[in-house]
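Following: one structure in structure tokens, then a few remarks.
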Amino acid sequence: MGLRINDVVPNLDLVTDQGNFKFHDFIGDNWTILFSHPKDFTPVCTTEFGAVAQLAAEWEKRNTKVIGLSVDGVEEHKEWKCDIEKFAGAKATFPIIADEDCAVSKALDMLPANAYLPDGRTAADSASVRVVFIFSPDKKLQLSMTYPMSVGRNFAEVLRALDALQATYGVPIATPANWVHGQDVIVALSLNDEQAKAKFGNIDIKLPYLRTTKLPN
């Protein structure tokens, strides 16, 4: 069974290009994004790692750690980072998990449990290792996205989703379609109109079940 929303991520032993540690220790009290890749030195993944590197200040602003995963070893990761930084014009300061035996990928259901990866494997052999997981500080999965090999991830959307998760975390609100930080939010149906007004002040009743308000500070 793979991770589902609100599952606590297993406290996996991680081997990375920045040392070895337990996943829960890495998360600590932070939001955490895990983004995985089927192989080092592949073109789409290089652009994606570069995009993550370029957003370093945005992750820090949101108290968010990022960690990559690729089904190759530590030395390959270190060499690949040189290409990533050259392409992106930014330092790749985040760790990359070395998942040569696919132990992490299988534990998080990125690959079938009986996946066979031959010697000399190509990215196609581990193609399903193309996910984004966002974890809250309580180590629970809050969002997951899975992409095919041919589609580069939109990290502006990952950042937008992170903003929405942080805005609604433990607060009785939700975000509407295409929401970006600063726009109005939706009042949860768990509050009636009077409770909503008491909590948020002014509310805009667009439909009996669709009420909006300013994003709480």
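All other residues whose Cβ lies under 15 angstrom from that of residue 159 are scored, Lys and Arg at +1 and Asp and Glu at -1, for a net of 0. Comparing 146, 84, 15 along the charge dipole axis of the chain, the residue lying farthest to the positive side is 146, per the Cβ-charge model. Rounded to 0.05, the FRET efficiency of the residue 169 and residue 78 pair, given R0 = 35 Å and the Cβ-Cβ distance, is 0.50.
Computed from point charges on the beta carbon alone (+1 for Lys and Arg, -1 for Asp and Glu), the dipole magnitude for segment 54-110 about its Cα centre is near 420 Debye. In this structure, residue 41 and residue 6 have a Cβ-Cβ separation that, at R0 = 35 Å, corresponds to a calculated FRET efficiency of about 0.45. Helix 74-88 versus the longest principal axis of the chain: what is the Cα-based angle in degrees, 0 to 90, to the nearest 10? Compared with the principal axis, the helix lies near 60 degrees. Based on the Cβ-Cβ distance of residue 156 and residue 198, what FRET efficiency does E = 1/(1 + (r/R0)^6) give at R0 = 45 Å, to the nearest 0.05? The value I calculate is 0.80. Candidate cross-link partners of residue 81 among the lysines, defined by an alpha-carbon separation under 17 Å and a same-chain spacing of 8 or more, comprise 39, 91.
Computed from label points 7 Å out along Cα-Cβ, the spacing between residue 57 and residue 181 is 1.3 nm. Label zone of residue 188 (point 7 Å out along Cα→Cβ, amide N under 19 Å): in segment 157-174 this covers 162-174.
Helix 43-54 and the longest principal axis of the C-alpha atoms of the chain enclose an angle of approximately 50°. Each Lys and Arg Cβ is given +1 and each Asp and Glu Cβ -1; about its Cα centre, the chain then shows a dipole of about 860 debye.
Summing +1 for each Lys or Arg and -1 for each Asp or Glu among the other residues whose beta-carbon sits under 12 angstrom from that of residue 6 gives +1.
Taking 0.36 nm per residue of separation and subtracting the current Cα-Cα distance, fully stretching the chain between residue 100 and residue 143 would add 13.0 nm.
A short reminder: the numbers here are calculations on the coordinates, not readings from a lab. Since this is a predicted model, take the numbers as computed values, not measurements. FYI the Cβ positions are ideal-geometry reconstructions off the backbone, even for glycines, and counts take in every protein chain you see.
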